[in-house]
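S.K.: This is the structure, below, for whatever I ask next.
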Amino acid sequence: MHRRTLLTCLAALPLTAPLAARAAQIGVNTPFPPLSPERIRALIPAPEQAAWLDYLKRSQAQLAADQAALLAERKGLSVIPAEPTSGNGEKTMPLDKPAAWYASAEGRKVADNIVSFQTPAGGWGKNQPHDTEPRVRGQHYVAGNSLQTKPVGDFDAPTLPDWSYVGTIDNDATLTETRFLALAFNATQDARYRDGAIRGLTYLLTAQFPNGGWPQVWPLMGGYHDALTLNDNAMISVSRLMGDVGRAEAGFAFVPAEVRARCLAAEQRALAIFLKAQVVIDGKLTLWAQQYDALTLTPCSARNYEMPSLSSAESGSLLVYLMQQPNPSVEMKAAIVAGVETLDALKIMGKGFERTPDGQDRRLVDRPGAGPIWSRYYDLKTLKPIFGNRTKTLHDTIDDVEPERRRGYSWFGNGPQTALKAYVAWKAKFG
């Protein structure tokens, strides 16, 4: 089935229980199936299956190699080292310091730590500070694995014990480490930093799907982590990094020409898949989803409360990225115009998403003159705001979300306004 036909069918599927119950609940979120040989053979045209099956086989082999490497280190140890510290990793890896800082003792400490925690595959974990001591023998590669004790049925539950996000692009992991090492190498000419950055780039090239997208975690770990991931601008950030490297910008002139050429090609493939993934509803281009089934390019679920839907924040960021391309094709121009028009039509005026006086909740309240803001998610059929609970129930009003999720998640935001502002200059140039 053609992707756009499939998307139209998806958009037409009813999310609801009976209409009378619509105000309380409009559906239940369902889990995303992981990449598998069976799904590849069922969903991918025969001539393209070999590439996908090879990708899956390489992922499985790398997962086994990563785990074997850690087990080999731990052999003979009487005490297994404590896991790395979890926290705000990005804060410890600034990318805007003067060049001399990266050659300082403080800067080199961070770079040394980054190199020590690089996984055998070449990536890094997320939410991991790097201003601490380097990794020691037998220590886990990533932080927080002992905390991955989600209840049975939780969409974020790890499929392997003590092995979660071991190499990821979530929360700018791997991307920030690679950029930091490039800056460190330019400041110090330390070959370890150069080699670590190139390994990070090779990791990202290897993790790219045959169709040009990227999963959230590689080697694949199952569940929604195997989905093509725009969430938190993950794929956008990888594509931008590939372009910087390919053009020898942002301090990446030291990268071998062969790797730079591969990175430039990877960005072009990513740009192509962005255009293919733009959701079509009633025959019209609209916005983009947060995650996609990589095999069908249909929107899919992520965490329990993150449903297949249009995502305003990621769409806005992607539109800004597309508008930065120097020579947009006719297809890219059409995607940009349609995306901006959809955002403009969906903006919410005169409202604010604010904390209650006691700080225990958040509510959408009237604020004359305020806005624009956007709902984070929009229903694939009605283009109306949609919300979810940890219990997987889906709702058409924020009032039906439990207080913990209502106050603990960005259900509304003004991020897409950046795209609308950028569009004014872009249209004057390319419109």
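The values are calculated or read from the model by the stated rules, or taken from the named source; none is laboratory data. The structure displayed is predicted, hence computed values, not measured ones. Because the Cβ atoms are built from the backbone with ideal geometry, glycine has one as well, and the counts that use them run over all protein chains shown. Only protein heavy atoms, including side chains, enter the accessible area calculation; ligands, DNA and RNA are left aside. Shrake-Rupley method; radii C 1.70, N 1.55, O 1.52, S 1.80 Å.
S.K.: Give the accessible surface of the chain per residue, rounded to a whole number of Å², with probe radius 1.4 Å and ligands, DNA and RNA excluded.
M.R.: Ligands and nucleic acids excluded, the result is 43 Å² per residue.
S.K.: While we're here: Can you pull the Rg over Rh of the chain, Cα-only, Kirkwood?
M.R.: Reported Rg/Rh (Cα atoms, Kirkwood Rh): 0.97.
S.K.: Within region 345-431, what whole-number % of the accessible surface is contributed by carbon and sulfur, with the 1.4 Å probe and all protein chains included in the calculation?
M.R.: Ligands and nucleic acids excluded, carbon and sulfur reach 53 percent.
S.K.: Which net charge results for the neighbourhood of Thr92, defined as the other residues with beta-carbon distances under 14 angstrom from its beta-carbon, given Lys and Arg at +1 and Asp and Glu at -1?
M.R.: Net charge around Thr92: -2.
S.K.: Could you work out the helix-only [θ] at 222 nm for the chain, with each DSSP H run of four or more residues adding -39,500 (n - 2.57) and the total divided by the number of residues, to the nearest 500 deg cm²/dmol?
M.R.: The helix-only estimate for the chain comes to -13000 deg cm²/dmol at 222 nm.
S.K.: Note down the net charge around Lys126, summing +1 for each Lys or Arg and -1 for each Asp or Glu among other residues with Cβ under 9 Å from its Cβ.
M.R.: -2
S.K.: Between region 371-429 and region 336-359, what is the C-alpha centre distance in whole Å?
M.R.: So the two Cα centres are separated by 7 Å.
S.K.: Give me the distance in nm between label points sitting 7 Å out from Cα along the Cα-to-Cβ direction at Ala253 and Phe430, one decimal.
M.R.: Roughly 2.8 nm, to one decimal.
S.K.: Among DSSP beta bridges whose residues both lie in the chain, state the antiparallel percentage, nearest 5.
M.R.: Of those bridges, close to 100 percent are antiparallel.
S.K.: Select from Ser329, Leu175, Gly107 the residue farthest towards the positive end of the dipole of the chain; place +1 on Cβ of Lys and Arg, -1 on Cβ of Asp and Glu, and compute about the Cα centre.
M.R.: Sorting the options by dipole projection puts first Ser329.
S.K.: Only four residue types carry charge here, +1 at the Cβ of Lys and Arg and -1 at the Cβ of Asp and Glu. Report the dipole size of region 216-297 about the Cα centre in Debye, rounded to the nearest 20.
M.R.: Dipole magnitude for region 216-297 comes out near 220 debye.
S.K.: Ok, one more. Can you tell me how much longer the chain between Gln268 and Arg58 gets when fully stretched, taken as 0.36 nm per residue apart minus their C-alpha distance, in nm with one decimal?
M.R.: 73.3 nm
S.K.: Let me ask another. Run the numbers on the chain and let me know its relative contact order in percent, using alpha-carbon pairs under 8 Å that are six or more apart.
M.R.: 17 percent
S.K.: Report the accessible area of Leu63, computed with a 1.4 Å probe over the heavy atoms of all protein chains in place, in Å² rounded to the nearest 10.
M.R.: Here the accessible area works out near 30 Å².
S.K.: Around Arg192, what is the net charge, scoring Lys/Arg as +1 and Asp/Glu as -1 over all other residues with Cβ under 12 Å from its Cβ?
M.R.: 0
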